[in-house]
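The values are calculated or read from the model by the stated rules, or taken from the named source; none is laboratory data. Computed from a predicted structure; not experimentally measured. Ideal geometry is used to build each Cβ from the backbone, glycine not excepted, and the neighbour counts take in all protein chains shown. We work out accessible area using only protein heavy atoms, side chains counted, and drop any ligands, DNA or RNA first. Shrake-Rupley method; radii C 1.70, N 1.55, O 1.52, S 1.80 Å.
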Amino acid sequence: MLQVLIGFIPWIIYWSFSGPGLWVPAILGGLASSFGLVAFRYAKKRDLKTMEVVSLGYFVIHTFLTLVLGWQFLKIYGLIANSLVLAGMAIGSLALKSPFTYQYAKEDWDKSYWNDPAFIQINEIITGVWGGIFLLNSILGALAVFAYPSQYILLTVILPNIGVIAGIVFSSRFPAYASRKSVQARLDAWDPYKWVGPKFNNPPTGDHEHDVVVIGSGIGGLAAAALLARRGLKVAVFEQHYLPGGYCTSWERFVKPPQTAPGSTERWKYIFDAGVHDFSGLGERGGIRSLLRMLDIENVIDWRQNQQEYYIGETHFKVPHNANEFVYQLGERFPSEAENLKNFFDEILHVYREMYADMEKTGGAPRTPDNVVDLLAYPARNPYAYKWMDRPFVEMLDSFFTNPALKELLCALTGYLSDNPRALTVGNMAPIFGYHFDGGYYPAGGAQTFPNALVDVIEKHGGKVYLRTPVKRILVEHERASGVELKNGEVHRAKAVLSNADTHKTFLELVDQDQLPQALAQTIKALKPSNSAFIVFLGLDIIPDLAPLTMFDDLGIMIPSSVDASLAPAGHAAVTLLKLLPQSDAVGWDRKSPGYADRKRKLANEMIATASEIIPGLQGHITYQQSGSPATFARFAWTTDGSIYGPAAGQKRQTIKTPIRNLYVTGSGVMGGGVEAVVISGIHAANEIYKN
């Protein structure tokens, strides 16, 4: 490290002259050079280095005591004294959690590395080594004075300078070595299972033989299945529900109009979505857009842009499509934060763009690099993403804003991922801000349009999606997944098994516990499921004057028929009310319990009453009503306690490869909740299994 060498110049001068006994040039040379360094640092950047300040203080004292007062103490015991001073400086900086070499390292390494724990740890090690060298030099000085005065030059000049040179070499070489080791450790943590995937050389024969079996037809599983089928593999998807798509499904309800003539067949048709009402990832480099391109179905679906509206506290705000306009309007509402808003949106836009910057290198979906060279280069090439993506989102808000109402407003979309904003990182939220930068979209015809398009790709390329066909267990033979047994008793063999089922269901029900490492089984058992939700579906004979996606405090009001009028009769609306329920409120919903129906009815009425505050006369315009509880989500999506985002945010996610060879997982347990996130997990799962 050149900077460390520069910092040692005063001492190199001092030791070089003091060894032969040239004390005046030694002391004054050390004083002048240390003063010059401190003055230069201060004048240039107001940047003072601990070692240089300590050095200057030592030489000021040395000059006064030795040259002014004529004391001989530091001449006789100089090497002992100055080495102990430097050792104290090094060890003291460690104790204060500010290793002195860190100050020099910042001169040579990009700013994006400075707060990395590994970078700090490396400098703690280097500082510790220097502390050892200084202590050793003090021992050498003691030996020269008290035991071997005949070896004075060797012990006070040659060996100490060799130690300093060795320290400089170590300081120069160790960071690169330690960085590579640290990066490799991270890569190993992201991919801890080193088994080699199956070969697909021999095409399977027979209806019950497949290349890949996918458990569950959630979007992550369908995305992977469609890619693998398009790459030429024989794929079978088994789904326990009667519709593919998981939470991304739609269903129809037909309502007989009041006062219709006897025998009339006239019916009002409403189309409702089970859970997904807004899609990110359709920007030029978005995850869904990338999947559609890879499958050559980019223009199959008619995507229509959504709009959001907020009623949060005293704030009523219709969100414009343009992010710059959004920032401008927010600045008008919060004038004291106007400049901070611009800076915040600029910063998170950089994070967002950088997260998607290397998709061509990472298989068509964003992820951090999977090799040491690219990962070492990642911070310098993506400084904003590297700086923020693993830090809490609320920490980023606090670093830019003081107004709590504004911070609450900017947390409005955290409900797309969790009921707990504090559990979300900037990396979680940056893609959500993609709704502001690239827009949120809704597929004409309802959410079901998207999984249906993926099913069409699977079947067009020889695969098959089996509905109402639940899997009983994953077959594991000779320590590798070899297929599945269905609940109807059928056995389907495959070279690879991909589970898109709930994390708890996959590892604690579908896999025999004896096949899992005990540590992983305990980890899965300890995983907390995410929040669930309560949902109310309403057919209305009016069209509410609200945006298609309206947040009214903790109530979501979705009106997809305002985006696609075909989802409701003319002059009507298909409306969904959604309220997130913390996991503590989600447990205990039992469809067989005596009070279940009353409990559902009470909560549904409360939500309708709340929505009536901004939809006047709502109760009088309801033509159809149905509600769903956590028990409903658990039943149709087969999730633990009806969780809607997989394991709760803030916990360690699963890797796509599992400890069981040829068993892979995808979905919210890998990338977290949200359609784009599970699409990305599906792309990466397909690439892990077979990349043509």
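Things worth noting here:
- Wholly within region 203-287, strands (runs of 3 or more DSSP E) carrying at least 2 residues that are free of Cβ contacts under 8 Å to residues at least 24 places away in the same chain: 250-255
- Region 163-174, subset modelled with pLDDT of 85 or more and closer than 13 Å to Ile122 by Cβ, residue nearest to the chain's Cα centre (by Cα): Phe174
- Residues that are open to solvent by 20 Å² or more (accessible area, probe 1.4 Å) number at least 3 in the following strands (runs of 3 or more DSSP E) confined to region 503-616: 573-581.
- Restricting Tyr352, Tyr378 to those that are open to solvent by less than 30 Å² (accessible area, probe 1.4 Å), at pLDDT 95 or above, within 30 Å of Asn687 (Cβ to Cβ) and not aliphatic (A, V, I, L, M) reduces the list to Tyr352.
- Those residues of region 161-212 which are of a type in the set (Val, Ile, Thr), open to solvent by less than 20 Å² (accessible area, probe 1.4 Å) and touching a Leu at 6+ places or on another chain (Cβ under 7 Å), in sequence order: Val183, Val212
- Answer residue from region 618-649, given it is in contact (Cβ under 8 Å) with a residue 60 or more places away in the chain and under 24 Å from His316 (Cβ atoms) and is most open to solvent (accessible area, probe 1.4 Å) among those: His621
- Of the helices (runs of 4 or more DSSP H) lying entirely inside region 413-477, the ones with 1 or more residues being surrounded by fewer than 17 Cβ atoms within 10 Å (Cβ to Cβ) are found at 449-460.
- Flag for Ser593 being polar (S, T, N, Q), touching a Lys or Arg at 6+ places or on another chain (Cβ under 9 Å) and at pLDDT below 95: yes
- Here Gly620, Gly628, Gly588, Gly650 are screened, and the one residue that is at pLDDT 95 or above and over 22 Å from Asp273 (Cβ atoms) is Gly620.
- Of all residues in region 478-494, those being open to solvent by less than 60 Å² (accessible area, probe 1.4 Å) and assigned to a strand (DSSP E or B) number 9.
- Any hit, region 118-131, residues being open to solvent by 50 Å² or more (accessible area, probe 1.4 Å) and of a type outside the set (A, V, I, L, M, F, W, C): yes
- Taken over region 345-377, the criterion of being without any contact (Cβ under 8 Å) to a residue 60 or more places away in the chain, touching a Phe, Trp or Tyr at 6+ places or on another chain (Cβ under 7 Å) and over 30 Å from Tyr177 (Cβ atoms) is satisfied by Glu347, His350.
- Residue, modelled with the lowest pLDDT, within region 82-117, restricted to residues that are among the aliphatic types (A, V, I, L, M) and open to solvent by 20 Å² or more (accessible area, probe 1.4 Å): Leu96
- Residues (within 28 Å of the chain's Cα centre (by Cα) and not small (Gly, Ala, Ser)) located in region 215-236: Ile215, Ile219, Leu222, Leu227, Leu228
- Of the residues Val675, Val665, the single one that is in contact with a Gly (Cβ under 8 Å, 6 or more places away or on another chain), modelled with pLDDT of 95 or more and not charged (D, E, K, R) is Val675.
- Residue that is surrounded by the most Cβ atoms within 10 Å (Cβ to Cβ) [pool: residues in region 297-325 that are in contact (Cβ under 8 Å) with a residue 60 or more places away in the chain, out of contact with any strand residue (DSSP E or B) (no Cβ under 9 Å at 6 or more places or on another chain) and not aliphatic (A, V, I, L, M)]: Thr315
- Index of the failed condition, Cys411 passing every other in (1) without any contact (Cβ under 8 Å) to a residue 12 or more places away in the chain; (2) closer than 29 Å to Val563 by Cβ: (1)
- Counting only residues that are of a type outside the set (A, V, I, L, M, F, W, C), surrounded by 24 or more Cβ atoms within 10 Å (Cβ to Cβ) and either part of a helix (DSSP H, G or I) or in contact with a Phe, Trp or Tyr (Cβ under 8 Å, 6 or more places away or on another chain) (or both), region 659-672 holds 3 of them.
- Considering residues of region 326-344 that are aromatic (Phe, Trp, Tyr) and open to solvent by less than 80 Å² (accessible area, probe 1.4 Å) only, the residue farthest from Gly446 (Cα to Cα): Phe334
- Taking the criterion of being within 21 Å of Val38 (Cβ to Cβ), open to solvent by 60 Å² or more (accessible area, probe 1.4 Å) and among the aliphatic types (A, V, I, L, M), the residues of region 59-81 that qualify are Val60, Ile61, Leu67, Val68.
- Qualifying residue in region 17-38 (condition: touching a helix residue (DSSP H, G or I) at 6+ places or on another chain (Cβ under 7 Å), at pLDDT below 90 and open to solvent by 40 Å² or more (accessible area, probe 1.4 Å)): yes
- Residues being assigned to a helix (DSSP H, G or I) and either in contact with a helix residue (DSSP H, G or I) (Cβ under 7 Å, 6 or more places away or on another chain) or acidic (Asp, Glu) (or both) - total across region 42-55: 6
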